[in-house]
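Structure record follows, encoded as structure tokens.
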Amino acid sequence: MIGLAGLRRVVACALALLAAAVLLEAGGAIAAEPNYPAQISLSTTVDAYVVGDSLTAGAVAAGFVWMSARAGQGTLVDAQKGRHITEGVTALGHLKYYGYLPRVVIIALGTNDSTASMTPEAFRAQLDRAMVWCGPRKCIFMDLWRTDERAGAARALNAEIYALPARSPNASYVRWSVYAAQHPEWMQADGVHYTAAGYDFRARYMVNIVTGAI
């Protein structure tokens, strides 16, 4: 059963994220997408922070947080539809500023950056920016998978993710793309989002990341 100190930390983490959202909407670095506030999911302890987009929100809906708790690992999840890596790294920075960044950070961003407006060089700069905020913490990046006309752009951004550990020793990555490529039936017609079965596997995959099984 969670103690008073643990409960206070959970509440503080939630308040930190909420405060960050208020700052952003009040004229900070980004503004939240209308009618789609950041999704915050908490379990009894906070071992890992996950920042992502609608793909992460889909994994949460499929039971990611509940399964993590059952595995003995608590997660704090901030998932927002349409989020770009610049916005996600800003949210990460706000949590670090308030002093509530857990020991493990999982970044599942970049799918919405597979456009002509985000060059590999600009994406690399955001990866490095994320590592500044992570400091000595373990920071794990999920690679990208798309099957639409932006699949090539996603691969170019993946190359930047794969190169990051060489300059940031506490950074690592997991190749979600390997599993997604083996299951085309998981993809919806848009080539970006997943079916219920795809989100279910993604949720279980993310639990394995948190528990260190991958």
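If I filter the range 84-103 for residues that are in contact with a Lys or Arg (Cβ under 7 Å, 6 or more places away or on another chain), more than 28 Å from Gln182 (Cα to Cα) and modelled with pLDDT of 95 or more, do I get at least one hit?
yes
Which of (1) buried (at least 24 other Cβ atoms within 10 Å of the Cβ); (2) touching a strand residue (DSSP E or B) at 6+ places or on another chain (Cβ under 6 Å); (3) of a type outside the set (Asp, Glu); (4) within 21 Å of Ala163 (Cα to Cα) does Ser68 not meet, given it meets every other one?
Status for Ser68: all satisfied but (4).
Could you list all residues from the range 196-214 that are part of a loop (DSSP other than H, G, I, E, B) and among the hydrophobic types (A, V, I, L, M, F, W, C)?
The answer is Ala213, Ile214.
Can you tell me which residue is farthest from Ala130 (Cα to Cα) among those in the range 155-214 that are more than 17 Å from the chain's Cα centre (by Cα) and among the charged types (D, E, K, R)?
It comes out as Glu185.
How about the range 56-65: which of its residues are out of contact with any Leu (no Cβ under 8 Å at 6 or more places or on another chain) and buried (at least 18 other Cβ atoms within 10 Å of the Cβ)?
Once the filter is applied, which keeps residues that are out of contact with any Leu (no Cβ under 8 Å at 6 or more places or on another chain) and buried (at least 18 other Cβ atoms within 10 Å of the Cβ), the range 56-65 yields Thr56, Ala57, Gly58, Ala59, Val60, Ala62, Phe64.
How many of the residues making up the range 160-203 are at pLDDT below 95 and surrounded by 16 or more Cβ atoms within 10 Å (Cβ to Cβ)?
So the count comes out to 0.
Which of the helices (runs of 4 or more DSSP H) found entirely inside the range 83-195 contain at least 2 residues meeting this: in contact (Cβ under 8 Å) with a residue 40 or more places away in the chain and either more than 18 Å from Thr56 (Cβ to Cβ) or touching an Asp or Glu at 6+ places or on another chain (Cβ under 6 Å) (or both)?
85-97, 120-134, 151-163
The values are calculated or read from the model by the stated rules, or taken from the named source; none is laboratory data. Treat the numbers as computed from the prediction; the structure is a model and nothing was measured. Quick reminder, even Gly has a Cβ in these numbers, built from the backbone with ideal geometry, and neighbours come from all protein chains shown.
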